[in-house]
Amino acid sequence: MTSPYQIVQLASLGQAMDEELARNYSVLPLWLESDPLPRLAEAPDAILLITSARLGLMRSWLEALPGLKAVCSWGVGYDNFDMQAAGEHGVAVSNTPDVLDNCVADMAWALMFSVARRTSLGDRYVKSGQWKSVGGFPLGTRVSGKRLGIVGLGRIGLAIAKRGAGFDMDVRYHNRRERPDAPYAYEASLTDLARWADFLILACPGGPETRHIVNSEVLRALGPQGILVNIARGSVVDDAALVEALRSGELGGAGLDVFTDEPRVPAALLDMDNVSLMPHVSSNTRETRHDLGRRVMDNVLSFMETGRLVTPLR
Ligand code: NAP
C-alpha cells in the first residue's frame, strides 16, 4: 500500500498557512510530536519535508523518508542541518533569507541599548520600588558616536550596520572575506576589530567554523568598557570565557539572544546587572512571523509545481 502523504510538516507556519497547505496537498502534520521519527514511517512517499532552524535536519529523518526530494526550512540558520546527508540523498534544501533581517537587526540594537543604557535594569529598578528606597541609578554608556564592530557582514550584519548611521557611529566589520560592495572598513583580524570597537555585534552563522571564535583573547581586546551582543548562535562564543571576562571586569557587558544549550543559560549570567538576556526571539514579531511562513510557502508551492525552490541553500 502506498502512503497518501506528499508533505511531512514538522513546523507549523501559523494556522492560516497550515490550512492553506492542507487544502492543496496531503500533509502529515507532526509539529506536536516531541520526536517525529517514529511517525515518519507513515509517509514513505513524501517528497517534501517542512522543518525549522530550531528543529534542524537529521540524517535519520532523511533515511526514514526515501521518497524525499526537498526540505523547506523556517528560519535562516542551518548549522544544525546535516547537509552532508542531504547531499547524499539528493535532497534540495531551502531556508527563508531576507525577510527577517530588519527584525533581527532591531533586536541586536535593542540588546545593545539595554546593556549600554541599562533599560532592562532600569525597568526592574522602578517596578521593584528601588527608585524610592535606594535612589541613585548607575551611569550608563553612551551609544551615539561610538565605534560599532560587526562580525558577519551578511544580510543581517548589513541591516545592523545601516542603523549605525542614524547614531553617528563609525562601523567596521570582520568576515572571512572583504566585501568590495560594503561602505565599511574591513578588519581581517577579529581580535583587532574587538580592540577597535566599543560595541561588538555577532551576526555570523554558527557551526564548527565559527565555534568559540569569540574567546578570552577577543573579549579582553573588547575591554572593560566594551559590550558584546550576540544574535548569531551561542556556539560562536566561549561561554566559560564570557562568564570569566564579565566576572573579572575584563568585559563591560553583554546582550545575548542565543545560547550554547538553549533553553539553558549559564547560571552565572542570571545575576549580572551588566547582562541582558532574551530567549532567542530576534525574529519574533507578528509581521516577520507571517513573512517567514509566506516564504516557506513560496518554496513549497514552487517545488511542488515546478520542482524548483525559490531560495535554495545549495
Ligand atoms: P548571511 O547573509 O549568510 O551572512 C553571514 C555572514 O557571516 C557573511 O557575511 C559571512 O561572510 C560571515 N561569515 C561566515 N563565516 C564566517 C566566519 N567563519 N568568520 C567570520 N565571518 C563569517 O547570513 P544572515 O542571513 O545574515 O544570517 C546570519 C546568522 O544569523 C544566521 O546564520 C543565524 O545563525 C543567525 N540568525 C539568528 C537569528 C535569531 O533569532 N537570533 C535569526 C536569524 C538568523 P564570509 O563568507 O565572507 O565569511
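The numbers here are math on the coordinates, done by the rules we state, and not lab data. Fair warning: this is a prediction, and the values are worked out from it, not measured in the lab. Ideal geometry is used to build each Cβ from the backbone, glycine not excepted, and the neighbour counts take in all protein chains shown.
How big is the equivalent ellipsoid of the range 180-223 along its three axes, where each semi-axis is √(5λ) from the Cα gyration tensor, reported in whole Å from largest to smallest?
Over the Cα atoms of the range 180-223, the ellipsoid semi-axes are 18, 16, 8 Å.
Can you give the charge dipole size of the range 101-277 about its Cα centre, rounded to the nearest 20 debye, using +1 on the beta carbon of Lys and Arg and -1 on the beta carbon of Asp and Glu?
420 debye
Quick one: Cα centre-to-centre distance for the range 75-140 and the range 295-311, in angstrom?
29 Å
What percent does the relative contact order of the range 87-184 come to when contacts are Cα pairs within less than 8 Å and at least six residues apart?
Relative CO of the range 87-184 lands at 27 percent.
For the chain, what proportion of DSSP beta bridges, expressed in % and rounded to the nearest 5, is antiparallel?
Roughly 5 percent of the DSSP beta bridges within the chain come out antiparallel.
Find which of 105, 279, 50 sits farthest along the positive direction of the dipole of the chain, computed with +1 on the beta-carbon of Lys and Arg, -1 on that of Asp and Glu, about the Cα centre.
Farthest towards the positive pole: 105.
Pick from 66, 138, 44: which residue has the top mean-square fluctuation in a GNM of the chain where Cα pairs under 10 Å get a spring?
Maximum fluctuation in the GNM of the chain, among the listed residues, is at 138.
Could you tell me the relative contact order of the range 101-277? Use alpha-carbon pairs under 8 Å, at least six residues apart, and round to a whole percent.
For the range 101-277, the relative contact order is 21 percent.
Which percent of the Cα-Cα distances in the range 101-277 go past 27 Å?
For the range 101-277, the share of Cα pairs beyond 27 Å comes to 22 percent.
Which order, highest average first, do 123-133, 270-280, 288-298, 222-232 follow once you tally other Cβ atoms within 10 Å for each residue and take the mean per peptide?
Peptide ranking by packing, descending: 222-232, 288-298, 270-280, 123-133.
Which of the listed residues, 208, 131, 236, is farthest toward the dipole's positive end in the range 101-277, when Lys, Arg count +1 and Asp, Glu count -1 at the beta-carbon?
131
What angle, in degrees between 0 and 90 and rounded to the nearest 10, separates the Cα long axis of helix 239-248 from the longest principal axis of the Cα atoms of the chain?
20 degrees
When ranked by the protection proxy of mean other Cβ atoms within 10 Å per residue, highest first, what sequence do the peptides 21-32, 109-120, 193-204 form?
Descending packing order for the listed peptides: 193-204, 109-120, 21-32.
Could you work out the per residue convex hull volume over the alpha carbons of the chain, in cubic angstrom?
So the per-residue hull volume is 149 Å³.
How far, in degrees from 0 to 90, does helix 155-166 lean away from the longest principal axis of the Cα atoms of the chain, to the nearest 10?
So the inclination is approximately 30 degrees.
Against the longest alpha carbon principal axis of the chain, how many degrees, from 0 to 90 and to the nearest 10, is the axis of helix 286-306 turned?
The angle comes out at about 30 degrees.
Could you work out [θ]222 nm for the chain from helices alone, using -39500 (n - 2.57) per DSSP H run of at least four and dividing by all its residues? Round to the nearest 500 deg cm²/dmol.
Calculated mean residue ellipticity at 222 nm is -10000 deg cm²/dmol.
Output the relative contact order of the range 16-102, whole-number percent, from Cα pairs under 8 angstrom with separation of 6+ residues.
24 percent
For residue 162, which lysines qualify as cross-link partners when the Cα separation must be under 18 Å and same-chain residues fewer than eight apart are set aside?
Answer for residue 162, where 18 Å is the Cα cut-off: 146, listed by chain and number.
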